1. Quickly run through the stretch 72-113 and pick out the residues that are within 28 Å of ILE230 (Cβ to Cβ) and among the aromatic types (Phe, Trp, Tyr).
2. Have a look at ALA27, ALA73, ALA47, ALA21 and point out the one that is surrounded by 17 or more Cβ atoms within 10 Å (Cβ to Cβ) and out of contact with any Lys or Arg (no Cβ under 7 Å at 6 or more places or on another chain).
3. Output the number of the condition that VAL211 fails; it satisfies all remaining conditions of (1) aliphatic (A, V, I, L, M); (2) surrounded by 13 or more Cβ atoms within 10 Å (Cβ to Cβ); (3) within 20 Å of ASP45 (Cα to Cα); (4) at pLDDT below 90.
4. Looking only at the stretch 215-254, count every residue that is out of contact with any Pro (no Cβ under 6 Å at 6 or more places or on another chain), of a type in the set (Ser, Thr, Tyr) and more than 20 Å from ALA21 (Cα to Cα) and tell me the total.
5. Against the condition modelled with pLDDT under 95 and outside any strand (DSSP E or B), how does SER201 come out, does it pass?
6. Sort through HIS249, HIS287, HIS355 and tell me the only one that's in contact with a strand residue (DSSP E or B) (Cβ under 9 Å, 6 or more places away or on another chain) and under 28 Å from LEU123 (Cβ atoms).
7. Looking at (1) over 25 Å from GLU138 (Cα atoms); (2) open to solvent by 40 Å² or more (accessible area, probe 1.4 Å); (3) modelled with pLDDT of 95 or more, which is the only condition ALA324 fails?
8. List the number of the failed condition for GLN269; all other conditions in (1) more than 29 Å from ALA217 (Cα to Cα); (2) open to solvent by 70 Å² or more (accessible area, probe 1.4 Å) hold.
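The values are calculated or read from the model by the stated rules, or taken from the named source; none is laboratory data. Since we're looking at a predicted model, the values are computed, not measured. Cβ coordinates were reconstructed from backbone atoms using ideal geometry, including for glycine residues, and neighbour counts include every protein chain displayed. Ligands, DNA and RNA are excluded from the accessible area calculation, which covers all protein heavy atoms including side chains. Shrake-Rupley method; radii C 1.70, N 1.55, O 1.52, S 1.80 Å.
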Amino acid sequence: MLAFTSGVSVDAPVALLGYGALGSCIADFLLRAGIPKIAAIDNDDLAPHNLARHSGTVRDLYALKVAHLDELAGRVTFFPDEIRRTLGDFDIANLPDEELGKLAEGYGLIIDATADERVRRRLARAALPSTTRLVRVEIFDGGRLGALFVTGPENSPNPIDLYYALCAQAVEHQAVENWLRGEQAAGTSSEELVLGMGCASATTRMPKYTVTQHASAFMPKVMTALNGEIEVGIGINSLGQDGMPLGWHWFDYGGAATVLEAADAPGWQVRLSPDAAQRLTALRVGHGANETGGYLYGGYDFALKQLYVVAVSDVPPGTKQSAAAIDLGPAGRTRFERQIERRAGGKLARIGTWHSHPRSGPG
């Protein structure tokens, strides 16, 4: 009845990581759409301040947040036992590889709504089956920016690849620039750190209607993924200062990340986004027979031993070029680099240089 009334024809199971404000809202949507099998995992208890935007009520206080899913199933369907729900009260960030593998095989679509950086990193190093997709949803900038990340086959691109690809959109997209520059301005004096409420979410002051707007914007892509029609990329939903919706934008990632093993640093990888790879090729071709080069921008993770390249500069002023050699000029002087520095809020670091060999390609 629920599936018929909502117009949804999906019977695929879903695993939901994180049952906070955003996670509980998505769980409500999934349940009312008639999704027959839902696993909800969260080891946090419902605190009084959570009631402002969590789907739980006063009677759920001090119990596990995920326990609300049991109560919700009993309130919205005549046959709650037909909803095969599984509740987990463990920390996803520390989930052993074997257990994560079982979760991936049993559900196929994993929605990460934890807003936890540790979980992002845990999932980035996960060896997921080619049939499993990971969708991560987050809310940034005091609720003004919602972001959805859809990973690719075998987890490439992974959630961190996509995160830095979103940061690179600051050069052209105002809502992303506002978010990153806002985080840079907040620094350690941000309200979240002062209040110390212990929320995983980076924003503690936000009304429920803001959360619901973002969750609603995410659901079409979630349902598409449940149907097996996967588009790899990033979706953002932006709101104005007054909370009014400004629209949905989708950024196609363009394929898998190009992964290069670092020959002189065992265990390290360089992960190149498709946009960065295409720009390298275009810049090399544009300089003909001469060697050319520039600077690489992105991020890095020492624990995972990964470098993420998402932006590439052209040859800087002061560079000396010939068919056999190149002497790069100082960094930060191209228009592209100045845009990154001004608009990306310090989120994209200069992480290396590149140069071409006209007969073989960039290096």
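1. PHE90, TYR107
2. Details: ALA73 fails: out of contact with any Lys or Arg (no Cβ under 7 Å at 6 or more places or on another chain); ALA47 fails: surrounded by 17 or more Cβ atoms within 10 Å (Cβ to Cβ); ALA21 fails: out of contact with any Lys or Arg (no Cβ under 7 Å at 6 or more places or on another chain).
Result of the check over ALA27, ALA73, ALA47, ALA21: ALA27.
3. (4)
4. Number satisfying all stated conditions: 1.
5. Working: modelled with pLDDT under 95: yes; outside any strand (DSSP E or B): yes.
So SER201 passes the test.
6. HIS249
7. (3)
8. The one condition GLN269 does not meet is (2).
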